[in-house]
Structure formats: structure tokens, C-alpha cells
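Following: one structure in C-alpha cells, then a few remarks.
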Amino acid sequence: MTGKLVEIDDLRVAFRQEDGSYAEAVRGVGFTLGREKLGIVGESGSGKSLTGRSLMGILPKTARVSARTLRFDGNDVLSAPAETMRKLRGSRIGMILQDPKYSLNPVMRVGRQIVESIRAGDPKIGKTDAEKIAIDMLEAVQIRDPERVFRAYPHEVSGGMGQRVMIAMMLVREPDLLIADEPTSALDVTVQARVLDILDELVTRRNMGLIFISHDLGLVSRFCDRVIVMYAGQVVEEIAAKDLENATHPYTQGLLNCMPRINGSLEPLPVLDRDPAWLAETGGAK
Amino acid sequence: MIEIENLNVWFGEGPDRVDAVKNVSISVGEGESFGLVGESGSGKSTILRAAMGLAPTWSGRISIGGIDARSGDRRQFLKTVQMVFQDPYASLHPRYVIGEAIAEPMRINKIPDSEARTDRLLEAIGLTPAHRFRYPHELSGGQRQRVAVARALSLDPKVLLLDEPTSALDVSIQAEILNLLNRLKKELGLTFMIVSHDLAVVSYMCERLAVMAHGEIVEVMDRETLRSGEAKEQYTRDLIAASV
């Protein structure tokens, strides 16, 4: 494979307003991704999820999307036929959403959902073999009793376990890119740590690219290699994850400062003073 | 101000019985902020729900402001203690404008002059009287949570029970709400009981806290102990380690 896994330049997503005009929710986002862990952080409404969804080609029908470049492994996502995109989704790009309660089929046993995913990718795999792969994968994401979970319905497993099932379902297809949209926000901190370990191990061992979308700056700085900070549909800062504490953009600094810390000051928390200048189009901050 | 003794809460009966809270005793003084932390399913929210009468089967004693939750005057009890829920969208009536939502407890309790009080409450939480005519969907998440706080304060309670009051909000908005709660607490002399999975929030807000697991209190400690990392129990130390 040559070049980058993901190339995005001047991505714009707009939605139609009541008066017929379009309001841009993503305004000129650009970045590239290799085989690494890239974090996208920002508040709700900053456009981070829409950016991830654009790459999957799963924006709502009402969205108007344009980009100078929107490529996954050389495939132009905007002009690719629906058939090509369908093949990419699932087999080469996987997505994990925030809450497994809503992303698993509630009336289908967990195991059958994973088997379905395996056989959709390769119909030549027999049912028995697919079941074995599914159980092995459940074991790989550290589910202690994979055979019980295989037969369980989604409501019979806990949130952390459901999220591991989602990860297993994505990973059986061995995607090259995983887009994880707030994959641990609905989980307890201790479960979160376990899910992150699993993701980390898989990214490293399988040499995948990971886009990790989160509102949690601390988490992203610990977990990712590189971080993109989004504000009002734009990338305002791009920084090595370990240097996030020294971020230069006042928005990033403001977000870091307004978080209470276990050992932090007890004075009133600094609140974010939003400078209207942050809204000006930068054409992609560097 | 808050006395909880040997509280047990369970759901279901016979073989289906699940014990959500087991033999919990907590005492919170006037003007204090007490935190309840633990993982999901540890029973922390259930304690607040039992106090408010939202968990039907419980035993033990709950008394707030000297009024017994079971045998005391219900109206008087609810004038003393009010609750703020996690999700401000789910806890505000979608077809009530903000003014109605805030004034409803006053109307039920026949408190006069509710319109003027609603305006004052809106100002106290950092909104304006013009917001009275807005619907919840017209407000941001942070503004909705402010409205939930205003409604909880409309009966002039002494105690607020706060169930994950900021976990649905962005950190920038969380900071505003936490500052607001601390200011109101000081101005109105309130007592708080705050449920949170976020130890940093609890460390910032609460003088004392209880760590819960599997329906039981693992450890009660003060803020200094939490901040110095000298928690006695391994479970608490693991929780702190996973939080920083």
C-alpha cells in the first residue's frame, strides 16, 4: 500500500435551514491518517462525528457534503459507486458507536450478529467455521465466558460487554481503519480502561488506523498518538497527544482549564470565554 | 440534615429479587456536600431515588431536615428536598414552556406570586425572564440543566439531591453548572448529596464522599483523604487510579 490510509482536504458538510439556505456544520476540515491512533476532540456540535461519518459515507440524506479530497486508501469516497462503498464499509472500514444498546440488534442473539458479519464479508466461510471465528474473537476482546455471550441477547450483557461485542463484530472483518465514536463514554472508568487496552493492542498488532472521536481530552491525550481539536466545524489545532497539556490555541487551553481535577483548586472553575474570532475561517489551522 | 440508617433497597421478589442497596447508613450535616461515587449498578442513584420515593421497596430509615420519608408529611418533605436528574432533556416536559415547568411545583403547593418568583429564579440561574416562554428543545443542554436546577429550587428547599448533574454536558458547560451550584449553595445555605461517576467532580464539589460497590458502601472518606491518595480500600485506590 502506498500513501496515506485517509486523506481529507477541505471537507464541508452543510444542512438546509428552514429558510432554504445552508448552514455549514463542518467547515473546511483537513487531515491525513496513517497506521496510527488519531484523536478528534471537541464539544458537542463541533462536527467531529460528522467528519467520521463523512468518511464512512453514512451522512443523513439531507446533508450536503463536498471536499477537495475525501479519500480512503485511494478510493474517492464522494464519487465511489454505492456498491464500492458498501464493500468498503464493514470489510475495510469499521465503526464503533457510543452506546451498544442502540447499535446491536436487540432481537438477535449476539453470536448470530457476529456470524452474519463474518459471512457477509466472505460467504465462502461455512456456518460452523464462522461460529468458531466469532467465539475466538469474543475471547480476543476478553469476554470471559464467550460461549454464554455468543448465545445471549444484547439486553442480557452489560454495557462494557456490549461494547466489546461491537468491537469483536467490527474486528472479525479485519478492517484497515476503525472509526470509534465515543466508544467508551457510556462505560465505567475501570471498564473503559479495559476496552481501551483491547483497542490499543489490536491497532498495534493488526497495524490498523484508528480515528478516536471523543469529548474527553484527558483520555485522548493518554490513548492517542496525535490529536485534532475541533471547534465550530473547523480544526483549530493539531498536536501530538503527549503535548496536549501545552496546546497553544486558547480554545484547547480553555477546555483543559475548565475540567475539575482530583487534586485541583477549589476556587470557582475557569469558564470558557468564547472569542468570536475563533469562528473565522482559518482554512485549516496548522 | 440527611439521615439514612440501615437502608436496603430491592427490586423484585423471591428468586428474582435483586438487592440494589444493602445496609447503607449515611449522615450529612447542614450545609455539607456529600458525594456518592461508584460504577454503574453500584446502587448510588438508587439511594437518591429511594429518598425521593421513586424506589418502591425499601427498608430502613430516611429522614431529611427532620422529616421522615415514610411517616412524615409528604408535602413538607418535598418542600425540604428536591432532586436534579442527569438528563435535562428527559426531565423537562417537552410541551411545557420553561416558565410553566418552573412554576408547576409552586402551583401544586399553592405558593403565591409564582410568576415573579419564576423570574427571580431564572435570573438566579443565569437566564433571563424572557426564557419563560421558551420550550426545552429551544435551549442548549447546559441551559436545560439550569432550568432543572431552578425548578428544584422553586419550593425553596434546604437539600438538593443531584444525580450525575453534569455527566451529559460538555466540560465547558459542566464548569458553568458546577460554579452555579456552588454559588447557590453558599447564597441559599443548601445541603447537597451528589451522585457522580467522576471522582474529579466529587473531589471538587464535596467535603466528604462514600465509595460504593455492589450496593454497599466500601469506604467513607473526606476530601483530603481522596486528594492525598490515602484511601484505605484497594477498590477505592483502583477507582482513583483509573480516573486520573
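Quick notes on this one:
- Take the Cα of A:TYR22, go 7 Å toward its beta carbon, and the backbone nitrogen atoms of the range A:72-86 under 18 Å from that spot belong to A:77-80.
- Volume in Å³ per residue [convex hull over Cα atoms, computed for the range B:75-150]: 86 Å³
- A viscosity of 1.567 mPa s and a temperature of 4 °C, combined with the Kirkwood radius over C-alpha pairs in the Stokes-Einstein formula, give the range A:1-123 a diffusion coefficient of 80 µm²/s.
- Footprinting exposure proxy for A:LEU196, B:LEU121, A:LEU88 (fewest neighbouring C-beta atoms within 10 Å first): A:LEU196, A:LEU88, B:LEU121
- Near B:MET83, the amide H atoms lying under 5 Å from its own belong to B:LEU161; only residues 5 or more places off or on other chains count, and H is placed 1.01 Å from N.
- Expressed in units of 2.2 N^0.38 Å, where N is the residue count, the Cα radius of gyration of the range A:136-217 is 1.05.
- Restricting the calculation to Cα atoms, every distinct pair contributes to the Kirkwood radius of the range B:97-244, found to be 16.9 Å.
- Of interest is the spacing of the C-alpha centroids, which for the range B:1-76 and the range A:156-184 amounts to 36 Å.
- Distance in nm between pseudo-label sites at B:TYR135 and A:GLU267 (7 Å out along the Cβ direction from Cα): 4.3 nm
- Inverse of mean 1/r across different Cα pairs in the range A:224-286, Kirkwood, Å: 12.8 Å
- Legend: distances between Cα atoms for A:LYS37/A:LYS242; B:LYS79/B:LYS185; A:LYS37/A:LYS101; A:LYS4/A:LYS242; pairs beyond 19 Å are A:LYS37/A:LYS101; A:LYS4/A:LYS242.
- Packing-based ranking of B:138-144, A:273-279, A:74-80 yields B:138-144, A:74-80, A:273-279, ordered from highest to lowest mean Cβ neighbour count within 10 Å.
- Shown for A:GLU156, A:GLU43: other C-beta atoms within 10 Å of each C-beta, ranked fewest to most, produce the order A:GLU156, A:GLU43.
- For the protein assembly as shown, the mean residue ellipticity at 222 nm estimated from helices alone is -10500 deg cm²/dmol, where every DSSP H run of n ≥ 4 contributes -39500 (n - 2.57) and the total is divided by all residues, rounded to the nearest 500.
- Ranked by how many other beta carbons lie within 10 Å on average, peptides A:245-257, B:7-19, B:195-207, A:17-29 from highest: B:195-207, A:245-257, A:17-29, B:7-19
- 3J(HN,Hα) couplings calculated from phi for the range A:24-39 with the Karplus curve 6.51 cos²θ - 1.76 cosθ + 1.60 (θ = phi - 60°) are, in sequence order, 7, 9, 10, 10, x, 7, x, 6, 10, 9, x, 7, 8, 9, 10, x Hz; Gly and Pro show x.
- For the residues of B:191-204, the average number of beta carbons from a partner chain within 10 Å of their own beta carbon is 3.
- Cα-based Rg and Dmax for the range A:70-229, where Dmax is the largest Cα-Cα distance (Å): 15.6, 45
- Between the amide H of A:ILE96 and those of A:ILE179, A:ALA180, A:ASP181, distances stay under 5 Å, these residues lying 5 or more places away or on another chain, with hydrogens modeled in the peptide plane.
- Under Karplus coefficients 6.51, -1.76 and 1.60, residue-wise ³J(HN,Hα) of the range A:222-232 in Hz, glycine/proline x: 7, 8, 8, 8, 9, 10, 10, 9, 10, 9, 6
- Between the amide H of A:MET230 and those of A:VAL41, A:GLY42, A:VAL236, distances stay under 5 Å, these residues lying 5 or more places away or on another chain, with hydrogens modeled in the peptide plane.
- Diffusion coefficient, µm² s⁻¹, Stokes-Einstein with Kirkwood Rh over alpha-carbon pairs of chain A at 20 °C and 1.002 mPa s: 107 µm²/s
- Quick note on the range B:186-244: its Rg to Rh ratio, both from C-alpha atoms and Rh being the Kirkwood radius, is 0.98.
- Across the protein assembly as shown, the volume of the C-alpha convex hull divided among the residues equals 169 Å³ per residue.
- Alpha carbon convex hull of the range B:1-137, projected area averaged over orientations, nm²: 10.3 nm²
- Per-residue HN-Hα couplings for the range B:74-81 [Karplus 6.51, -1.76, 1.60; θ = phi - 60°; Hz; x = Gly/Pro]: 4, 4, 5, 4, 6, 7, 8, 9
- Kyte-Doolittle mean at least -1.0 and Cα axial length at least 15 Å: DSSP H helices in chain A: A:110-121, A:127-140, A:159-171, A:189-206
- Look at the stretch B:173-183: the mean tally of other chain Cβ atoms within 10 Å of its residues' Cβ atoms is 4.
Values in this text are rule-based calculations from the coordinates and carry no lab data. Note that the coordinates shown come from a computational prediction; the quantities given were computed from them, not determined experimentally. Glycine gets a Cβ as well: all are built from the backbone with ideal geometry, and neighbour counts include every protein chain shown.
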